[in-house]
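This report concerns only the one structure given below.
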Amino acid sequence: MAAGVAAWLPFARAAAIGWMPVANCPMPLAPTDKNKRQDELIILNVSGRRFQTWRTTLERYPDTLLGSTEKEFFFNEDTKEYFFDRDPEVFRCILNFYRTGKLHYPRYECISAYDEELAFYGILPEIIGDCCYEEYKDRKRENAERLMDDNDSENNQEGSMPSLNFRETMWRAFENPHTSTLALVFYYVTGFFIAVSVITNVVETVPCGTVPGNKELPCGERYAVAFFCLDTACVMIFTVEYLLRLFAAPSRYRFMRSVMSIIDVVAIMPYYIGLVMTDNEDVSGAFVTLRVFRVFRIFKFSRHSQGLRILGYTLKSCASELGFLLFSLTMAIIIFATVMFYAEKGSSASKFTSIPASFWYTIVTMTTLGYGDMVPKTIAGKIFGSICSLSGVLVIALPVPVIVSNFSRIYHQNQRADKRRAQKKARLARIRVAKTGSSNAYLHSKRNGLLNEALELTGSTDDEQHISKSTSLIESQHHHLLHCLEKTTNHEFIDEQLFEQNCMDSSMQNYPSTRSPSLSSQQGLTTSCCSRRNKKTTHLPNSSVPATRLRSMQELSTIHIQCSEQPSLTTSRSSLNMKSDDGLRPNCKASQITTAIISIPTPPVLTPEGESRPPPGSPSHATNISTASSNIVKVSAL
Amino acid sequence: MTTVCHRPEGLEQLEAQTNFTKRELQVLYRGFKNECPSGVVNEETFKQIYAQFFPHGDASMYAHYLFNAFDTAQNGSVKFEDFVTALSILLRGTVHEKLRWTFNLYDINKDGYINKEEMMDIVKAIYDMMGKYTYPVLKEDAPRQHVEVFFQKMDKNKDGVVTLDEFIESCQEDDNIMRSLQLFENVM
């Protein structure tokens, strides 16, 4: 029951006294109010702004969030108020709905934000009051169109339809030339040939040079063979194109009925008809007429030009205005032609011989052309002539703005669609950046975290201050979750550059298959929580995957690790620990591990961090070191 | 804008049915309602929410299996009650309950047995979440090897399927698994 009605209920009940005397049967018992508690004020704290209202106000609409027991989920025991972490501005409208029974839509509010708030509070948007409903619906429609546009362009651009057969691919290539290079080539070739054909048609009629006999010949007749060949070539291309489109069209019947296909047919028909009819001299006159239709080839350009398509679409959508224009002009022409004819009837040698003959004068005058081949001579004729020209301006000027505004609207719509598509790329790029940002955050914190652990292991304290403990609780919990995933799958997250280097190195490296005899694949104890860790080490001794990072071994004896520099955020510790002539080299070189006894590595740590090593220089166990440049670091047991 | 709106049962009832306190239920509900104002989660939203935690890879398949495990009524939507019941088992339940829930998750077609294909799907979905940039490079048969090891451990009578009892028994024998089950005890 709406709020307004509920407030009037006591009055309606009191007024029922009027029926009592008239009634024959006894009245039913009135319902009593069981829990007659005092109406209490409820405090609604929405993002800090406090609203207060009576409990009964909210209970008017029991199927919304505020009217039902659902709001108990938001009750704050300490402050005895209901706290909602939502937009206070929109909440104002929502609370007014409870108070007045009418839901208003503020114009400055974004439509999707408003819809979200309505959904949160469990209010159907259909009950928006009449005063604001139209605005709401308009904005909603615009938003829906925008979303549809987005989806459409997304589908078009992604093109992730794996199961397109040949026919469908071809159709897509025809409709959207940017899908593949072949389509683009085809697009430009057909465009070129359309241009060639149109220019040929035009140049054919230009007189070029005289032939002995003092006759000016047009180029078409002088170089008849050349023009014929050109025409043939163009028509062949157009025919092939038309047949291909016909083959690829999803619905051939619909395609044949479409405007573009009709234009295609009209463009090539004259040629074929001409081929058939060349011998028959009688109908050659008709044949010449047919050549006029060749000019329709210029309309084929509309596939290539969006502006032309917009113009065509505008004209189609303004059909009623154009019709009105035509009709009113016709009316005016007939009226004025009649008047002029009768006005000029008297004068001698008048050109206004009949009413249809006066049509020409009226048209020329109304469109303010004024050729002057027909002019009125009588005074009455001149008077009506001037009225005619003045009214002509008015009649033409009326429907034209409507057509212009239609064109402008459609054109801007198209522009907006293009703009949105361009912005979409930027938007996707931003989303991608945010995503990589969060994944990089994890990797970064992992390195810092392990650095921290290793520091504690080695007991070095001086650099602890460098480690920033600025990760919040949520972040650390999220990172713990990702860490567990790593442990489950026995693989780790690394960032893109390292991954690419790994790939490069594993393909570049020509690792000799000799292994150091001291290499053993003894599996030490694992201290990790996953028993499946064992699998990882079997890769190590034989692996050609370069250990680009030094693993922090938990139980190990002498190890020689020939490893590469890290290109990344390693700090000055790297230079302290590495005995390398050149400092941080950006490229990873191949490396190998030759170990005496290996134990299971825990999550790898970046090379130089976290280890305090004795200066390298102890005897190496490595037998065969293939790569020239090497940094040999000796790690002793921790 | 969907007009489907679901309101959960009262706070007291939910408190009685689950192992959460009122305050915890409030916190859970606010988070739930924030993402799904209409009161139910459909699979799309569930996948989107879950994907936000795993930006590296593709979490959609795993989220799909999770959704099926949450959606006990198998009607394509998860209400707050389902959500909170499952969480109650996962965070505050006994070991036996947790294991049973996990078995239910793995058993994709809910026939009471886990066979190798189902396990492959699950493990593949987990590996998908890692994404492409891993160290060491993710090989094609890594999931398969993983599944082999799993089956060797779990399938006691070597009949090619794992039943609930085999699963529970094998997990209880493994200290690592037992320890990791206690990991998320004090999440809330």
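Key figures for this structure:
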| quantity | calculated |
| --- | --- |
| Lone unmet requirement of (1) over 16 Å from the mean Cα position of the chain (by Cα); (2) modelled with pLDDT of 85 or more; (3) open to solvent by less than 50 Å² (accessible area, probe 1.4 Å); (4) closer than 30 Å to B:T21 by Cα for B:Q172 | (3) |
| One residue from B:I114, B:I108 being more than 21 Å from B:A59 (Cβ to Cβ) and either part of a loop (DSSP other than H, G, I, E, B) or not assigned by the TED database to the domain that holds B:A51 (or both) | B:I114 |
| Pairs with Cβ under 8 Å, 6+ apart, first in the range A:179-197 and assigned by the TED database to the domain that holds A:A226, second of a type outside the set (S, T, N, Q) and open to solvent by 80 Å² or more (accessible area, probe 1.4 Å) | A:L184/A:H178 |
| Qualifying residue in the range B:43-63 (condition: assigned to a loop (DSSP other than H, G, I, E, B), at pLDDT below 85 and away from chain A (no Cβ under 14 Å)) | no |
| Candidates A:R146, A:R172, A:R92, filtered to the one that is surrounded by 12 or more Cβ atoms within 10 Å (Cβ to Cβ) and closer than 30 Å to A:G67 by Cα | A:R92 |
| Residue within the range B:8-24 that is at the interface with chain A (Cβ under 9 Å from one of its Cβ atoms) and within 26 Å of A:G437 (Cβ to Cβ) present | no |
| Subset tally (residues that are open to solvent by less than 40 Å² (accessible area, probe 1.4 Å) and of a type in the set (S, T, Y)) for the range A:230-257 | 3 |
| Only one of A:E216, A:E204 that is free of Cβ contacts under 8 Å to residues at least 24 places away in the same chain, touching a strand residue (DSSP E or B) at 6+ places or on another chain (Cβ under 7 Å) and crowded, with 17+ Cβ neighbours inside 10 Å | A:E204 |
| Single match in B:L66, B:L138 (criterion: of a type in the set (A, V, I, L, M) and either under 26 Å from B:Q26 (Cβ atoms) or surrounded by fewer than 17 Cβ atoms within 10 Å (Cβ to Cβ) (or both)) | B:L66 |
| Any hit, the range B:107-116, residues being more than 14 Å from chain A (Cβ to nearest Cβ), surrounded by fewer than 18 Cβ atoms within 10 Å (Cβ to Cβ) and under 15 Å from the mean Cα position of the chain (by Cα) | yes |
| Within the range B:33-42, tally of residues that are in a helix (DSSP H, G or I) and either modelled with pLDDT of 80 or more or more than 9 Å from every other protein chain (Cβ to nearest Cβ) (or both) | 2 |
| Tally, over the range A:290-341, of residues that are of a type in the set (D, E, K, R) and surrounded by fewer than 15 Cβ atoms within 10 Å (Cβ to Cβ) | 1 |
| Among the residues listed as A:E126, A:E116, A:E109, A:E135, the single one being more than 14 Å from chain B (Cβ to nearest Cβ) and without any contact (Cβ under 8 Å) to a residue 24 or more places away in the chain | A:E109 |
| Residues located in the range A:67-83, provided they are aromatic (F, W, Y) and either facing chain B (nearest Cβ under 8 Å) or under 18 Å from B:F20 (Cα atoms) (or both) | A:F73, A:F74, A:F75 |
| Test: B:R144 is part of a helix (DSSP H, G or I), open to solvent by 50 Å² or more (accessible area, probe 1.4 Å), at pLDDT 85 or above and closer than 28 Å to B:K22 by Cβ | no |
| Residue in the range B:84-101 that is in contact (Cβ under 8 Å) with a residue 12 or more places away in the chain, surrounded by fewer than 18 Cβ atoms within 10 Å (Cβ to Cβ) and assigned to a loop (DSSP other than H, G, I, E, B) present | no |
| Residue count, the range A:392-421 (criterion: of a type outside the set (F, W, Y), open to solvent by less than 80 Å² (accessible area, probe 1.4 Å) and within 16 Å of A:R309 (Cα to Cα)) | 7 |
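Here is a yes/no grid of residues against (1) farther than 13 Å from A:H304 by Cα; (2) among the β-branched types (V, I, T); (3) at pLDDT 80 or above; (4) loosely packed, with under 13 Cβ neighbours inside 10 Å:
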position	(1), (2), (3), (4)
A:S153	yes, no, no, no
A:N156	yes, no, no, no
A:P162	yes, no, no, yes
A:R167	yes, no, yes, yes
A:T181	yes, yes, yes, yes
A:V189	no, yes, yes, yes
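Yes or no, residue by residue, for (1) within 60 Å of the chain's Cα centre (by Cα); (2) open to solvent by 70 Å² or more (accessible area, probe 1.4 Å); (3) under 26 Å from A:L325 (Cβ atoms):
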{"position": "A:A343", "(1), (2), (3)": "no, no, no"}
{"position": "A:S347", "(1), (2), (3)": "no, no, no"}
{"position": "A:A357", "(1), (2), (3)": "yes, no, yes"}
{"position": "A:Y361", "(1), (2), (3)": "yes, no, yes"}
{"position": "A:T368", "(1), (2), (3)": "yes, yes, yes"}
{"position": "A:Y371", "(1), (2), (3)": "yes, yes, yes"}
{"position": "A:I379", "(1), (2), (3)": "no, yes, no"}
{"position": "A:K382", "(1), (2), (3)": "no, yes, no"}
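The values are calculated or read from the model by the stated rules, or taken from the named source; none is laboratory data. Fair warning: this is a prediction, and the values are worked out from it, not measured in the lab. Neighbour counts are summed over all protein chains in view; Cβ atoms, including those assigned to glycine, are modelled from backbone coordinates with ideal geometry. Just so you know, the surface numbers come from the protein's heavy atoms only, side chains and all, with ligands and any DNA or RNA stripped out. Shrake-Rupley method; radii C 1.70, N 1.55, O 1.52, S 1.80 Å.
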